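Have a look at the structure below, then the notes.
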Amino acid sequence: MSASTSKFAGNHILSVNQFNRDAIEYIFHIANQMQPYAQRQKRTEVLRGAILGNLFFEPSTRTRVSFGTAFNLLGGEVRETVGMSNSALAKGESLYDTARVLSGYSDIIAMRHPQAGSVAEFAAGSRVPVLNGGDGANEHPTQALLDLYTIEKECHAHGSSIDGLNIAMIGDLKYGRTVHSLCKLLSLYKNVHFTLISPTELAMPESILTAITNGGHQLTVTDQLSGSLDADICYQTRIQEERFTSQSEADKFRGKFRLDQQIYTKHFQSKTVIMHPLPRDSRAEANELDNDLNQHPNLAIFRQTDNGVLVRMALFALSLGVENLLQQHEKPVLWHTPKSTL
Ligand code: CP
């Protein structure tokens with residue numbers, strides 16, 4: 001996909017493989033323009049009358065609600081289907097038939113499903129653009145875009161850039177789809193140093209390692225968090241228990257890589273930004289990202305979630321070809337919502 005030819009409109013967003021650097025920069029340029037609307041300084045009704053089909057066949061808080069919020073903020077309406085049991089998929093209907101039907105009721109569809117490749121299969125039957133909100137352990141392209149957008153902003157705040165970035169990824173790198181998509185996007189940049197820390201059984205898939213090395217980047221793979229890491233970003237992940245064959249299998253790895261203030265101080269530098277796609281597993285046996293880091297200025301997890309709305313607004317505007325019409329459809333904001341600085 002090339003920004004110069006503006007081939008976003010009408011296209012599905014299924015994988016980060018479809019983006020090059022120009023396209024990413026264009027998405028981020030449009031995401032920046034969404035700030036005043038997301039912060040309720042202004043309102044736009046550019047998508048008034050449009051309908052988002054928001055189909056989540058696997059649990060989600062952030063992705064589902066931020067897709068819906070992003071669409072509402074552009075003036076559109078949202079129709080939700082949550083859970084396989086609330087859909088005719090539970091009666092044996094195919095993804096193709098479901099897509100053929102629901103695309104007749106919607107202008108655009110966002111979808112999450114537990115099977116790798118399922119969103120692409122669904123998209124083949126859809127007459128409207130489909131955005132992948134996560135397909136099994138495969139990909140989570142919109143999360144990767146919001147993560148990259150956050151990394152760019154954090155780097156900018158620290159006087160650095162994504163080119164030359166040093167990133168440590170920790171935890172379940174086998175099943176964690178967000179790190180798969182993020183590694184592919186980062187591989188489009190220059191001289192990135194990836195340090196991948198996971199139990200051997202949960203190591204990053206070979207195909208992703210190949211994408212990193214083919215891009216000429218520096219790669220360190222280890223099963224230990226040890227020594228002092230010169231990382232700009234520490235990207236912590238959750239053990240993806242829903243992908244394991246049994247709870248006891250997942251339990252073997254739970255709590256293996258915790259991050260709290262003491263561990264952070266021991267292994268990272270004062271510049272290191274802490275990221276996590278969320279949800280973080282805060283149960284005592286896991287505690288993968290401790291609450292004692294909640295007030296740390298380098299904790300970017302809630303900046304990530306806020307940025308998710310901007311990036312998803314940009315993707316909707318681009319997919320529906322209205323990215324240059326936002327201002328023409330502005331309306332005044334008639335209410336005031338005081339927000340605390342928590
Ligand atoms: N990051 C993410 O995908 O969160 P949800 O599972 O809550 O959507």
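The values are calculated or read from the model by the stated rules, or taken from the named source; none is laboratory data. In this text the structure is predicted, and so the values were computed from the model without any measurement. Please note: Cβ atoms are built from the backbone with ideal geometry, for glycine as well, and neighbour counts cover all protein chains shown.
Residue under question is Glu93, and the condition is that it be away from the ligand (no atom under 16 Å from the Cβ) and touching a residue at least 60 places away in the same chain (Cβ under 8 Å); does it hold? Spell out how you get there, then give the answer.
Numbers: away from the ligand (no atom under 16 Å from the Cβ): yes; touching a residue at least 60 places away in the same chain (Cβ under 8 Å): no.
So Glu93 does not fit the description; no.
If only one of Gln247, Gln327, Gln262 is within 30 Å of Gly75 (Cβ to Cβ) and loosely packed, with under 12 Cβ neighbours inside 10 Å, which one is it?
Numbers: Gln247 fails: within 30 Å of Gly75 (Cβ to Cβ); Gln262 fails: within 30 Å of Gly75 (Cβ to Cβ).
Exactly one of Gln247, Gln327, Gln262 is within 30 Å of Gly75 (Cβ to Cβ) and loosely packed, with under 12 Cβ neighbours inside 10 Å, namely Gln327.
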> Does at least one position in segment 294-302 carry a residue that is more than 30 Å from Lys42 (Cβ to Cβ), surrounded by 12 or more Cβ atoms within 10 Å (Cβ to Cβ) and among the β-branched types (Val, Ile, Thr)?
Replying inline: no
>> For segment 194-203, give me each residue that is in a loop (DSSP other than H, G, I, E, B) and crowded, with 22+ Cβ neighbours inside 10 Å.
In response: Ser198
> Just for segment 129-158: of the residues that are surrounded by fewer than 22 Cβ atoms within 10 Å (Cβ to Cβ) and hydrophobic (A, V, I, L, M, F, W, C), which one is nearest to the chain's Cα centre (by Cα)?
Replying inline: Ala137
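Which residues, counting only those in segment 125-150, are more than 16 Å from the ligand (Cβ to nearest atom) and in contact with a strand residue (DSSP E or B) (Cβ under 9 Å, 6 or more places away or on another chain)? Outline the logic, then answer.
Let us first name the residues in segment 125-150 that are more than 16 Å from the ligand (Cβ to nearest atom), namely 125-130.
Scanning segment 125-150 gives Ser126, Val128, Pro129, Val130.
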> Mind checking whether some residue in segment 209-216 is assigned to a loop (DSSP other than H, G, I, E, B) and in the same structural domain as Lys174 (by TED's automatic domain parsing)?
Replying inline: yes
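State whether one or more residues within segment 303-310 are within 15 Å of Gly75 (Cβ to Cβ) and β-branched (Val, Ile, Thr).
Pass one, segment 303-310, residues within 15 Å of Gly75 (Cβ to Cβ): 309.
Still in the list and also β-branched (Val, Ile, Thr): 309.
So far as segment 303-310 goes, yes, one or more of its residues are within 15 Å of Gly75 (Cβ to Cβ) and β-branched (Val, Ile, Thr).
Any idea which of Ser85, Ser94, Ser118, Ser106 is of a type in the set (S, T, N, Q), more than 24 Å from Thr61 (Cβ to Cβ) and in the same structural domain as Ser15 (by TED's automatic domain parsing)?
Numbers: Ser85 fails: more than 24 Å from Thr61 (Cβ to Cβ); Ser118 fails: more than 24 Å from Thr61 (Cβ to Cβ); Ser106 fails: more than 24 Å from Thr61 (Cβ to Cβ).
The unique qualifying residue is Ser94.
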>> Going through Arg62, Arg79 one at a time, which residue ends up being modelled with pLDDT of 95 or more and away from the ligand (no atom under 16 Å from the Cβ)?
In response: Arg79
> Which pairs do you get when a residue that is within 12 Å of Arg48 (Cα to Cα), found in segment 311-334, comes within reach of a residue that is hydroxyl-bearing (Ser, Thr, Tyr) and assigned to a helix (DSSP H, G or I), reach meaning Cβ atoms under 9 angstrom, with the pair 6+ apart or on two chains?
Replying inline: Leu326/Tyr37; Glu330/Tyr37
> Of all helices (runs of 4 or more DSSP H) completely enclosed by segment 89-193, which ones contain at least 1 residues that are within 19 Å of Gly308 (Cβ to Cβ) and of a type outside the set (Ser, Thr, Tyr)?
Replying inline: 118-123, 141-157, 177-186
> Among Ala38, Ala31, Ala70, which is the only one that is within 22 Å of the chain's Cα centre (by Cα), within 16 Å of the ligand (Cβ to nearest atom) and under 27 Å from Ser340 (Cβ atoms)?
Replying inline: Ala70
